[in-house]
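Colleague: Quick one: structure below, then a few questions.
The values are calculated or read from the model by the stated rules, or taken from the named source; none is laboratory data. Model, not experiment: these values are computed from the prediction. Using ideal geometry, Cβ is built from the backbone for each residue, glycine included, and neighbour counts are taken over all protein chains shown.
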Amino acid sequence: MRASGLSGIRSSLSSGVNRGNGRLKLDLHTHCGEATSLYTPTLDIVKQIVAAAKARGLDGIAITEHYNRAYGYKVKEIVEKQLHDELLIIPGQEIDKGPLHVVVLYLPDDSTFRFVGHPGYPPVKDLASEIDDSIHGLEIRNPTHDDDIDGELVRRLAKERQLLLLSNSDAHFLSDIGKYYTEIELEELCARARRVPNSKP
Ligand SMILES: [Zn+2]
Ligand SMILES: [Zn+2]
């Protein structure tokens, strides 16, 4: 990963890269391990994950199990080595940070992009005060938690702090992958991740 960098990740994409504007359809919050109740991904399981994502027309997904980054890296390895890199896989994990659920994405060149998953769930007294400089984005849509998210507040905070707004599935079933997704250039995600130097969780 370190050697390939962003150009490697981009050239490794075999489909969907050129929508004319460089934007990719990405679901950046999925729990594929939980969805399949198996934390050692087999080739067959990974094929099912890729098929589910492609059925929704996605270019890529982040795999963000709770406190488990190894699973995402393993899926990525299988897709790269055995499935001709046909889907972009971004390894990540979901962790607790105070009252927040923070989703961490591991990007090329050792950079990490962090966003708050479903802000408002669990309930938080003062969302603004919980968001520090380590955060790069906020989820604005999440099919399970749309009702918990105060859209007006989240949009205002995103504007004030220059945070990216994200729509993700938070899928706990393979059929839910891509239910919501974000269209974004990989370059923008990486640039935002590099903006604040921070340590790894
Ligand atoms: Zn969560
Ligand atoms: Zn989640």
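Colleague: Tally the residues that are more than 19 Å from Arg194 (Cβ to Cβ) and either within 12 Å of ligand 2 (Cβ to nearest atom) or not β-branched (Val, Ile, Thr) (or both), restricting the search to segment 88-115.
Modeller: Result for segment 88-115: 9.
Colleague: Kindly evaluate Ala35 against the criterion of being within 15 Å of ligand 1 (Cβ to nearest atom) and part of a helix (DSSP H, G or I).
Modeller: Answer is yes for this residue.
Colleague: For segment 46-60, state whether one or more residues are within 16 Å of ligand 2 (Cβ to nearest atom), without any contact (Cβ under 8 Å) to a residue 60 or more places away in the chain and surrounded by 19 or more Cβ atoms within 10 Å (Cβ to Cβ).
Modeller: no
Colleague: For segment 112-146, give me the residue count where each residue is within 17 Å of the chain's Cα centre (by Cα) and surrounded by fewer than 19 Cβ atoms within 10 Å (Cβ to Cβ).
Modeller: Total satisfying the criteria: 5.
Colleague: Can you name every residue in segment 62-99 that is β-branched (Val, Ile, Thr) and farther than 17 Å from Arg114 by Cβ? Don't jump to the end; show me each part of the working.
Modeller: Within segment 62-99, the first condition is being β-branched (Val, Ile, Thr), and the residues that meet it are 63-64, 75, 78-79, 89-90, 95.
Scanning segment 62-99 gives Val75, Ile78, Val79, Ile89.
Colleague: Take the residues in segment 116-163 that are β-branched (Val, Ile, Thr) and within 14 Å of ligand 2 (Cβ to nearest atom), then tell me which one is farthest from Thr64 (Cα to Cα).
Modeller: Within segment 116-163, the subset β-branched (Val, Ile, Thr) is 116, 124, 131, 135, 140, 144, 149, 154.
Then drop every residue that is not within 14 Å of ligand 2 (Cβ to nearest atom), which leaves 116, 144, 149.
On the way: Val116: 12, Thr144: 16, Ile149: 20 Å.
The residue in question is Ile149.
Colleague: Ok, one more. Return only the number of the condition from (1) more than 13 Å from ligand 1 (Cβ to nearest atom); (2) modelled with pLDDT of 95 or more that Pro108 does not satisfy.
Modeller: (2)
Colleague: When you check Pro123 against the structure, is it under 17 Å from Cys32 (Cβ atoms) and without any contact (Cβ under 8 Å) to a residue 60 or more places away in the chain, yes or no? Before you say what the answer is, go through the steps one by one.
Modeller: Details: under 17 Å from Cys32 (Cβ atoms): no; without any contact (Cβ under 8 Å) to a residue 60 or more places away in the chain: yes.
In short, no.
Colleague: For segment 92-114, what are the residues that are in contact with a helix residue (DSSP H, G or I) (Cβ under 7 Å, 6 or more places away or on another chain) and over 17 Å from Leu166 (Cα atoms)?
Modeller: Of everything in segment 92-114, those that are in contact with a helix residue (DSSP H, G or I) (Cβ under 7 Å, 6 or more places away or on another chain) and over 17 Å from Leu166 (Cα atoms) turn out to be Gly98, Pro99, Pro108, Asp109, Ser111.
Colleague: Of all residues in segment 62-76, how many are within 26 Å of Arg23 (Cβ to Cβ) and more than 16 Å from ligand 1 (Cβ to nearest atom)?
Modeller: Residues meeting the conditions: 3.
Colleague: Out of segment 144-182, which residues are assigned to a loop (DSSP other than H, G, I, E, B) and either free of Cβ contacts under 8 Å to residues at least 12 places away in the same chain or in contact with a Lys or Arg (Cβ under 6 Å, 6 or more places away or on another chain) (or both)?
Modeller: Gln162, Ser169, Gly178, Tyr180, Tyr181
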